[in-house]
Amino acid sequence: MIKKQEIKIISNIVQEISLFLMMHGYKEYQLEVKSEHSVTSIIISISPPKHDLIDRMKEKITGSREIEIETYGWELLGDIDTRGELLMIGALIDDMIVEEFSNTTRITLHRKNIYKD
């Protein structure tokens, strides 16, 4: 079973991605969360794809996960004006996969669940 701390982190990631997409003009998108015992996948489908925005997401999200950030990062970030720019996401996920189809782009974020019973 996934612990409450893990669920909070996942919900913060979903909130941050939604904020980013809405602030960049997306009025429709699909966001799906699949939680299993060892990994959670967050799947975002956007249409039509804005390639410059997707490149910006890749740049901001791609990085290495930092476990220390998970403890204090969201509290320190708070509601400052830089929210919506995916500053924390890269430190909270393990990998990102971008797949492009004819008129849709699917972005999948994977996070290994470290807070579980």
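How much length would be gained if the chain were fully extended between residue 114 and residue 47, taking 0.36 nm per residue of separation minus their Cα-Cα distance, in nm to one decimal?
20.9 nm
Computed FRET efficiency, Cβ-Cβ of residue 102 and residue 11, R0 35 Å: what is it to the nearest 0.05?
Using R0 = 35 Å, I get an efficiency of 0.65.
Order 102, 45, 35 by their accessible area, 1.4 angstrom probe, all chains in place, largest first.
102, 35, 45
The values are calculated or read from the model by the stated rules, or taken from the named source; none is laboratory data. From a predicted model like this one, the values you see are computed outputs, not experimental measurements. Positions of Cβ are generated from backbone atoms using ideal geometry, with glycine treated the same way; all protein chains shown enter the neighbour counts. To get the accessible areas, we keep the full protein, side chains included, count just its heavy atoms, and leave off ligands, DNA and RNA. Shrake-Rupley method; radii C 1.70, N 1.55, O 1.52, S 1.80 Å.
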